[in-house]
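**Student:** The structure follows.
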Amino acid sequence: MRTFTSADDITGAVGETIGTSDWLEITQERVNTFADATGDHQWIHVDVERATKESPFGGPIAHGYLTLSLLPMLSWQTYAVENSRMGVNYGSNKVRYVHPVPVGSRIRLVAVLGSADALADGAVQMTVDSTVEIEGVDKPALVAQVISRVYF
């Protein structure tokens with residue numbers, strides 16, 4: 001895990017891999033809970049029997065938005081910012097769901113600091129190139145540029 005303590009620390013790390021999270025198993029319970037929270041009960045996610053018989057994936061898969069929603073939690077394992085007043089999510093660019101995430105597989109985040117710009121209000125805007133890997137799979141599950149602002 002990388003720890004930043006100042007705006008200069010952040011801007012000086014552009015281009016570096018700032019962390020890799022632990023592996024996280026994607027369980028059917030997590031998928032079902034996400035389906036309940038979002039109202040997305042498409043059978044390829046929640047109907048294990050049907051997904052096993054009929055889907056081209058051989059079983060249920062996680063929602064793409066579930067994988068995206070795990071980025072904040074996984075990011076906490078990759079880097080931290082100390083001495084800041086607060087941090088906020090600012091948005092995402094170029095989100096792509098490259099490979100389905102089968103239920104029972106394990107994923108992790110690899111975070112690279114793509115850019116960091118000092119702003120006039122004392123904040124630093126960070127763009128983190130986020131790649132969610134699936135254990136044992138060559139293609140990533142997800143790639144996205146995640147933008148946040150840290151206020152010092």
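The values are calculated or read from the model by the stated rules, or taken from the named source; none is laboratory data. If you're wondering where the values come from, they're calculated on a predicted model, not measured in any experiment. Here the Cβ positions follow ideal geometry from the backbone for every residue, glycine too, while neighbour counts run over all protein chains shown. What goes into the accessible areas is simple: the full protein's heavy atoms, side chains included, and nothing from ligands, DNA or RNA. Shrake-Rupley method; radii C 1.70, N 1.55, O 1.52, S 1.80 Å.
**Student:** Which whole-number percent gives the relative contact order of segment 69-129, counting Cα pairs below 8 Å spaced six or more residues apart? Each step should come with its number before you reach the end.
**Tutor:** Details: 34 pairs, mean separation 17.1, N = 61.
RCO, segment 69-129: 28 percent.
**Student:** Heavy-atom accessible area per residue, segment 1-125, 1.4 Å probe: how many Å²? Display every interim value, and only then the final one.
**Tutor:** On the way: 7020 Å² over 125 residues.
Value returned for segment 1-125: 56 Å² of accessible area per residue.
**Student:** With each run of n ≥ 4 DSSP H residues scored as -39500 (n - 2.57), what mean residue ellipticity at 222 nm is computed for the chain after dividing by its residue count and rounding to the nearest 500 deg cm²/dmol?
**Tutor:** Calculated from helices alone, the mean residue ellipticity at 222 nm is -6000 deg cm²/dmol.
**Student:** I've got another one for you. Could I have the simple spin-label model distance between residue 16 and residue 30, label points 7 Å from Cα toward Cβ, reported in nm to one decimal?
**Tutor:** 2.8
**Student:** May I pose another question? Could you work out what % of the accessible surface of the chain is carbon and sulfur, using a 1.4 angstrom probe and leaving DNA, RNA and ligands out of the count? Please list the in-between numbers first.
**Tutor:** On the way: 3940 of 8080 Å².
The nonpolar share, carbon plus sulfur, comes to 49 percent.
**Student:** Here's something else I'd like to know. From the phi angles alone, apply the Karplus equation (6.51, -1.76, 1.60; θ = phi - 60°) to segment 47-63 and give each ³J(HN,Hα) in whole Hz, x where the residue is Gly or Pro.
**Tutor:** 3J(HN,Hα) across segment 47-63, in whole Hz: 9, 4, 4, 5, 4, 5, 7, 10, 7, x, 9, x, x, x, 10, 6, 4.
**Student:** Post the alpha-carbon centroid distance, segment 98-148 to segment 1-64, in whole angstrom.
**Tutor:** Taking the Cα centre of each part, segment 98-148 and segment 1-64 sit 11 Å apart.
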